Amino acid sequence: MFSFVARRLVATLLVLLVASFVVYVLTAVSGDPLEELRGSRDPDAQAKIADLANKLDLDTPPVLRYFAWLGGAAGCLVGNCDLGISVARGELPVTEVIATAMGSTLQLVTAATILAILFGVAIGMTTALRQYSGYDYTVTFATFVFYSLPVFWVAVLLKQYGGIAFNQFLGDPVIPWWFIPIFGLVTGFILMAVVGGGLATRIKTFLFTGLAGAALLLLLDVTGWFAEPSIGIVGIILFSVANALIVASLTTGLRDKPALIAFGIAAVGAPVALWFPFQFLFFFGNAWWTIALVAIILVAIGAIVGWLFGGDRRGNLARVVGLAAGLGTIPLVFDQMFQRWATYESIIPLSSGVISTIGSSTPAIDRTDDYWLQMLDSLTHMILPTATLMLISLAAYTRYSRASLLEVMNQDYVRTARAKGLSERVVVMRHAFRNAMIPIATIIAFDFGGLIGGAVITETVFAWKGMGAVFSDALARTDVNLMMGFFLVTGVLAVIFNIIADLLYSALDPRIRVS
Amino acid sequence: MNIKRGAAGAAVIAAGALVLSGCSLPYESEVIEGTEITVSWNDIIDNFNSSSTSGNNIANSNVTYLTTSSFNYYDNSPELVQNTEFGSYEKTSDDPLTVEYTINDNIVWSDGTPLDEADMLLSWAYIFAGVTDEEGAPLFNYANPRADLASATPEIDDNKLVLVYDKPYVDWEVQFGIGSVAAHAAVQLAYPEIEDAQEAKDQLVEAIQNKDSEWLAPVAEAWEADFQSANTPESDLVKLSYGPYIVEDLVEEDYVTLVANEEFAWGPSPKYERITIRQIADPTAQVQSLQNGDVQVASGQPTPDVLQLVQETETADYHTSDEATYEHVDLTFNNGGPFDPATYGGDEETAKAVRIAFLKTIPRNEILEKLIHPLNPNAVVRNSILQIPGSPMYDPIVEANGSAEYAEVDIEGAKALLEEAGVETPVEVKFWYPEGNERRAAEYELIATSAALAGFDVTDDSEPNWEFTDTAANPTNPHDAVIFAWASTSLALTGTDQYLGTGQPSNFGGYSNEVVDTRLSDLETELDEDEQIQIQIDVETELWADGYGITIFQFPGLTAWDQGVEGIAPAPLAPYYFWNFWEWAPSDGATAE
């Protein structure tokens, strides 16, 4: 394995060298970094042109200049990076620009990628299980629509409706009466399609979920929830019950009594019982580690309870109950954020609503030292760009995982599993799912590698300055140093994740060996 | 929000009451506690020294405009206005030109150190390249050092500096000012062992007076490098302020927040406690964030779509106006093309007739009407090469410079000129515009169509890289006519020789006219205003009669602001809409809410 990795590394290093030379020379000959200055009538333009030409060594031909750059870049190996200065970014050192941009991009793209993977795989797999159903066709149609939409258009529309119009709604949250039955019909229809089954089941699901949806919306409207949203103990109970039911039905099934009791105690009882003491922890701790601490406590409780109730499969039950209990951190965190809703609204510059259309944070919130306010602020800033990126990349994951699971479900061993009399849940979750994930793992690894490359258009529209902006600025101003900084980071990451994908493959599929 | 506005209202009333009651305090801060305005700009500060070569750009100077005070500034006319609450300057002699600068008492940097003659002396040292290294190069990397103007070390006294020019200089009023770097800050960053600000200043003054370049070299280094900071600087020395605001929080490529400077008591008091400038490059994003309330002011060069978006925003007011950048067509005199006398065997008159004929066909009014009026209905055709419409000298110059000859498209006149000159038609004109620029492509179409009527065959010679501006690679401009824009940032009269003077670096068309050359150098040393106008008339008369080129329009600018803000008054010159930031205030309508 080591020789495999070593061989791959040497080969890719050579590829990187050649590619960096090509990129350097192509960027350098593509234009003139001083173009903007040449059109300037300012008396100091000439002095500045001379100064920059000197700093950037523009009189040396690009081919030779590359080696000077390579010398500086080689310093990175010994922790002494010199990637030159960036003309496009106020002559700051490229290393500094790239570091900031990477931080900002990771912040923007990570959440979107993870959510896209989670939802994409979930939707894809469910459509595979309900192949050729109304649900399958609807999802297929919708994902293709989103897949083919231009990003800038989706982003601007999301801002217009998800941002500006929604904020106006929040300023005066009145839901028109006719919207409530329509909402119920749509909810009922979607869930009916997902759940499937015979005609009687379908009608029952439709009626039940539709009425529940409409009732929930009516309740929220009547209680003025949209004006002052909160989660509170009621919200935490609701979420915990739903969470426990979903995890249980996917893992142990709902007929397993001891498991259900374990879920009930750890995933519902623990978060609800600990809600009050955690208030003090969150209030006085007021930092990210309180979340980690709460998650650890809940997972530990879950694991212990699972172990105690597990009987002869205690290891397995400890794992899944621990997971379900750990997920109970989510409503607790959101509860903290929502408790500060009124404070938040009074600080931010928006006259109504909270959804922001630009940037990553509100300056006035950055000045407060309330961790939860800052988190809420990040949330209101991240929601639109994350949704934009997610809508677009969701489609690919949906299609891949659908095709992959369909293929696995038609394998002989799945038929054998069914013939043994295993329940459909065990067949899908234990036998088919893991194998279906193998091809998707490769795509996920690549996507994480490409993640740092940034999202040029989304960044522009939402006024983020991440790696995408670095790339486009570098091209627009023929800023070779900046371009190479970008190339270095994305190139190296692509190589690393390529290797990770190979290793992951062998981990998931025992038939594959790296040697 | 409402509570905040209520408090703001109370504070406004309180401030107003103080004024009405005739309270005779020497200075009353009108800052309303808890108020904040968020504005947008396409770039934010990354260098706290906006005078150095690397820091000299608009994004930096917009912020340093808020953190410094000055002897004078441009308003939105545009005209130069003096700020006597900060200090004063007086021309005490014409020969030699002597200007005495005095800073008022009690003016301090935000760390409490007085602002005095040491700061002025430091400014002299870099603006006039007063200190040089062993090779004679200026020690300080100032954006535009002028070693030829005032080389003698000025005499200083308490808060006073007397600047003696080596020669008369027309733009003396805007030539000297105190930058954004404190003298003691530069010294203490270079020599951290000097802890006392006064001692730092004393040593600096001594070193400059003795031209001690060895001691000054680290100071010059710190003056340039240590003020480069894309995030909130670690050292407070870097962000020292002697203006109404001080930088509180800077996040690279995102926003900068400035908070009212408590020491400030010289000059009009600002109203907002905090100003945040957010970096938003995309114009649509700017307008949408204005609609959403993320920012209160948006500005930029509009496209029809953006303008429409602004017009649909009910909560915002907007203003379309001229920017200082102007579009023009220049002809090439030395490339063997139709406008080069060499083509006609050195016959100057024939070439001139062809040039004038071509310029007469350029449909300036049509371009304005079709491309600019939709964006700025008040735009007018620019008729002066040297002055921006609205500036005090524009009208007298336009009246006399001969531009009236080109007021309307004159196809018949152009035909007659070509016939008289005996030139064979069609005359091919290779016309350049930056490829990919839609507005200029449309201008090219209009010009080509109109010129064709008079017998010109205007061919598309566009390329995207502005190669002709690289005079090292292209000693002569390969295009016969080019269309682009010059941007100006001040009303300074000098600097036009850069593109009009014989052999100057930005003179891409090879234009050469002795009268223009001599009169422009006369202008540099002329101090009498009437005479300055006369010189510019002389220069322009030559230019228009020679068929040098033609000016078309000022770039349209668009500024939109939330109705909760009042006092926004866009200006064509830097610092643009920031010029009257002290007048920005929460509006009464918002207070009454």
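The values are calculated or read from the model by the stated rules, or taken from the named source; none is laboratory data. What you see is a predicted model, and the numbers here were worked out from it, not measured in a lab. Cβ coordinates were reconstructed from backbone atoms using ideal geometry, including for glycine residues, and neighbour counts include every protein chain displayed. Please note that ligands, DNA and RNA were not included when accessible areas were found on the heavy atoms of the full protein model with its side chains. Shrake-Rupley method; radii C 1.70, N 1.55, O 1.52, S 1.80 Å.
Quick notes on this one:
- Segment B:136-217 - percent of accessible surface contributed by carbon and sulfur, probe 1.4 Å: 42 percent
- Shielding by other protein chains, A:469-477, mean Cβ within 10 Å: 1
- Spacing of the modelled spin labels on B:Asp171 and B:Glu33, each 7 Å from Cα toward Cβ, amounts to 4.6 nm.
- Segments B:320-326, B:163-169, B:290-296 sorted - mean Cβ within 10 Å per residue, highest first: B:290-296, B:320-326, B:163-169
- Label separation (A:Ser230 vs B:Ala473): 6.7 nm, computed from points 7 Å beyond Cα along the C-beta direction.
- In segment A:99-131, burial by the other protein chains removes 40 Å² or more of 1.4 Å probe accessible surface, compared with the chain on its own, from A:Thr100.
- Stretching the chain fully between A:Trp153 and A:Ser3 yields a gain of 49.2 nm (0.36 nm per residue, less the alpha carbon separation).
- When B and A come together, around 4400 square angstrom of accessible surface is lost from both chains combined, probe 1.4 Å.
- Full extension of the segment from B:Glu424 to B:Glu408, taken as 0.36 nm per residue of separation minus the current Cα-Cα distance, would add 3.3 nm.
- As a length-normalised measure over Cα pairs under 8 Å and 6 or more apart, the relative contact order of chain B settles at 19 percent.
- Take the Cβ atoms of B:Asp133 and B:Asn210, set R0 to 22 Å, and the FRET efficiency comes out at 0.90.
- Near-label residues of segment A:238-260 by backbone N, under 18 Å of a point 7 Å along Cα→Cβ of A:Glu424: A:246-256
- About the Cα centre, charge dipole magnitude for the protein assembly as shown (Lys/Arg +1, Asp/Glu -1 at Cβ), debye: 10900 debye
- Zone of B:Asp522's modelled label, taken as backbone nitrogen in segment B:369-392 under 19 Å from a point 7 Å along Cα→Cβ: B:385-387
- Residues of segment B:278-297 buried by at least 20 Å² on assembly (accessible area, 1.4 Å probe, chain alone as reference): B:Arg278, B:Gln279, B:Ile280, B:Asp282, B:Ala285, B:Gln288, B:Gln291, B:Asn292, B:Gly293, B:Asp294
- Part-to-part distance (alpha-carbon centres) for segment A:84-134 and segment A:11-40, which is given in Å: 25 Å
- Only Lys, Arg (+1) and Asp, Glu (-1) charged, at Cβ; segment B:149-233 dipole about Cα centre in debye: 320 debye
- Protein accessible area in chain A, 1.4 Å probe - carbon and sulfur %: 72 percent
- Residue by residue, segment B:149-159 carries 3J(HN,Hα) couplings of 9, 9, 7, 6, 4, x, 7, 10, 8, 4, 6 Hz when phi is fed to the Karplus relation 6.51 cos²θ - 1.76 cosθ + 1.60 (θ = phi - 60°); x denotes Gly or Pro.
- In segment A:1-82, a dipole from Cβ-located charges (positive for Lys and Arg, negative for Asp and Glu) runs towards its positive end, and of A:Leu13, A:Gly31, A:Ala45 it is A:Leu13 whose Cα lies farthest in that direction.
- Rel. contact order, % - alpha carbon contacts under 8 angstrom, at least six apart, chain A: 24 percent
- Between segment A:415-448 and segment B:313-362, the C-alpha centres lie 71 angstrom from each other.
- Span-like helix check, chain B: qualifying full DSSP H segments, with Cα axial length of 24 Å or more and mean Kyte-Doolittle of 1.0 or more, are B:2-20.
- Between A:Asn316 and A:Gln131, the FRET efficiency estimated from the beta carbon spacing at R0 = 25 angstrom works out to 0.25.
- Note on A:Asn286 and B:Ser235: with the Förster distance fixed at 22 Å, the Cβ-Cβ geometry gives a FRET efficiency of about 0.15.
- Inter-site label distance for B:Thr303 and A:Val174 at 7 Å from Cα along Cβ, in nm: 3.8 nm
- Packing here is the average count of other Cβ atoms within 10 Å per residue, and on that basis the peptides B:133-141, B:44-52, highest first, run B:44-52, B:133-141.
- Per residue of peptide B:251-259, the mean number of Cβ atoms on other chains within 10 Å of the residue Cβ is 6.
- Using a probe of 1.4 angstrom and keeping all protein chains present, the accessible surface of the protein assembly as shown works out to 43 square angstrom per residue.
- With respect to chain A, whose longest principal axis is taken over its alpha-carbon atoms, helix A:62-74 is tilted by about 50°.
- Among beta bridges that DSSP assigns inside segment B:207-345, antiparallel share in %, nearest 5: 100 percent
- Projecting the Cα atoms of A:Val428, A:Leu58, A:Leu451 onto the dipole axis of the protein assembly as shown, where Lys and Arg carry +1 and Asp and Glu carry -1 at the beta carbon, places A:Val428 farthest toward the positive end.
- Estimated vicinal HN-Hα couplings, Hz - segment A:9-16 in sequence order (Karplus 6.51, -1.76, 1.60; Gly, Pro = x): 5, 4, 4, 6, 4, 4, 4, 4
- Near-label residues of segment A:247-271 by backbone N, under 16 Å of a point 7 Å along Cα→Cβ of A:Lys204: A:254-255
- Based on DSSP H segments of at least four residues, each scored -39500 (n - 2.57), chain A has a per-residue ellipticity at 222 nm of -24000 deg cm²/dmol.
- Alpha-carbon centroid distance for the pair segment B:122-181 / segment A:450-467, whole angstrom: 44 Å
- Length added when fully stretched, A:Phe67-A:Glu36, from 0.36 nm per residue minus Cα-Cα: 8.5 nm
- Shielding by partners - mean other protein chain Cβ count within 10 Å, residues of A:456-464: 4
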